[in-house]
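The values are calculated or read from the model by the stated rules, or taken from the named source; none is laboratory data. Nothing here was measured: the structure is a model prediction, and the numbers come from that model. No Cβ is skipped: glycine too gets one built from the backbone with ideal geometry, and neighbour counts run over all protein chains shown.
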Amino acid sequence: MTNLGGRLANVLIDSGASCSCTNIPLPLTNKTIQIKGIGDTLMIATQTQPIQLDLGAVVLEEPFWYLPDNSEGTVLGMDIMQKHGFVIHCFEKQIELRTSKTVKKSLPKNRANIMSISTTDPIQQMINKHNDIWATHEHDCGLIDYVVCLEGEPPPPQKQYRIKPEAESAVHEIVKQLEIRGIVRRCSSTTNSPCLPVPKSNGKWRLCIDYQRLNKVLPKATPIVANPSTLLSQISTNASWFTVLDIKNGFWSIKVRREDQWKLAFTMNQIQYTWERMPQGLHNSPAIFHRALEDALNPLTGTGNVIHYVDDILVATEGSFDDHLQLVDEVLLTLGKAGFKLNKEKA
């Protein structure tokens, strides 16, 4: 039990909640917001006056959001926990925080014992645990310990096609961003492949390079990507838990050998660029990336619970939800150590 504004209350520590709420009637302000609850239900919450929250060694004074119909009671969410630097020690059953707003003690670091820690969203907990693996912007990509070599002599240089002004402007901005991130660089090459912007369904443009002639002279890698139906047949018919993961800009996570980069040259706005990372458009890119991902996931793919097709990963398990989360945790840990980035929106 915790003292909240002079009342005893059970406080739920919930790192999956973005704001701190209570169903205890307390002095209110005029400020209201909409809060999305369980099942995406929208509720109107009214902010309380700053309320003293007594955690034992530490007393905080913060406003909560009043939700009279909140079945969870009082929830301490990420708004207050982030502000005061909460660190939750699950096994020690302790909260550790740094704050200047202490009443009972003025130590620079205090601990408040708690009897239990509850979270209502284990999936959000998993996402937070592996926070570094999630891509943070459109051109974000990982970097793995893998280098691709491009054998063979490239064809003579090709002229750039005429492209629409709006497409040229869009892909020029993409190239600028990729140059900043070290994915492409400026170069002077004796070969050149034309840029071919492709419209996306969302109205934006995708940077594509027409490597048809280059592909004709590059030795073709042995295809190792299995047929999707063959892969799906490996899944147990009793599997009841499924997680899908998507590698963000997977091809770009593989370096191109420095002495081969000139073969990938293309021109944009009269400036010649080349790729430092493996681009789309090469006929070997899918097979090379599939092999690199297979090498990384190899310890986990033997059971049929983890399968992948190019940059898509499926985790399928029988048994309990906790068992499934444990395997997902292992997959995320393995991918993170290898250097991949994942697309949170597609997970």
Residues satisfying the stated conditions in segment 308-325, i.e. buried (at least 17 other Cβ atoms within 10 Å of the Cβ), in contact with a strand residue (DSSP E or B) (Cβ under 7 Å, 6 or more places away or on another chain) and over 17 Å from ASN249 (Cα atoms)
LEU314, VAL315, ALA316, THR317, HIS324
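Here's the yes/no breakdown for (1) modelled with pLDDT under 50; (2) part of a helix (DSSP H, G or I); (3) more than 23 Å from PRO197 (Cβ to Cβ):
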| residue | (1), (2), (3) |
| --- | --- |
| THR102 | yes, no, yes |
| GLN124 | no, yes, yes |
| HIS139 | no, no, no |
| GLY142 | no, no, yes |
| GLY152 | no, no, yes |
| GLN158 | no, no, no |
| GLU166 | no, yes, no |
All-but-one check, TYR309 against (1) under 30 Å from GLU168 (Cα atoms); (2) at pLDDT below 90, failing number (1)
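Can you tell me which of LEU207, LEU178 is of a type in the set (A, V, I, L, M) and either at pLDDT 95 or above or not assigned by TED's automatic domain parsing to the domain that holds GLU318 (or both)? Break it down into steps so the answer makes sense when it comes.
Numbers: LEU207 fails: either at pLDDT 95 or above or not assigned by TED's automatic domain parsing to the domain that holds GLU318 (or both).
Answer to the check: LEU178.
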Output the strands (runs of 3 or more DSSP E) that fall wholly within segment 1-53 and possess 1 or more residues being at pLDDT below 90 and in contact with a Cys (Cβ under 8 Å, 6 or more places away or on another chain), or say none.
28-36, 42-48
Within segment 237-252, can you find the residues that are in contact with a strand residue (DSSP E or B) (Cβ under 7 Å, 6 or more places away or on another chain) and hydroxyl-bearing (Ser, Thr, Tyr)?
THR243
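Could you grab me the full set of residues in segment 269-291 that are aliphatic (A, V, I, L, M) and either surrounded by fewer than 21 Cβ atoms within 10 Å (Cβ to Cβ) or out of contact with any helix residue (DSSP H, G or I) (no Cβ under 8 Å at 6 or more places or on another chain) (or both)? Quick ask: steps written out before the conclusion?
We begin by selecting, within segment 269-291, every residue aliphatic (A, V, I, L, M); these are 271, 278, 282, 287-288.
Of everything in segment 269-291, those that are aliphatic (A, V, I, L, M) and either surrounded by fewer than 21 Cβ atoms within 10 Å (Cβ to Cβ) or out of contact with any helix residue (DSSP H, G or I) (no Cβ under 8 Å at 6 or more places or on another chain) (or both) turn out to be ILE271, ALA287, ILE288.
Pick from segment 192-209 the residues that are free of Cβ contacts under 8 Å to residues at least 60 places away in the same chain and aliphatic (A, V, I, L, M): which of them is surrounded by the fewest Cβ atoms within 10 Å (Cβ to Cβ)? Let's see the steps before the verdict.
Within segment 192-209, the first condition is being free of Cβ contacts under 8 Å to residues at least 60 places away in the same chain, and the residues that meet it are 196-207.
Now narrow it down to the ones that are aliphatic (A, V, I, L, M): 196, 198, 207.
Numbers: LEU196: 19, VAL198: 11, LEU207: 24.
Among those that are free of Cβ contacts under 8 Å to residues at least 60 places away in the same chain and aliphatic (A, V, I, L, M), it is VAL198.
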For residues that are out of contact with any Cys (no Cβ under 8 Å at 6 or more places or on another chain) and assigned to a loop (DSSP other than H, G, I, E, B), tally how many sit in segment 126-137.
3
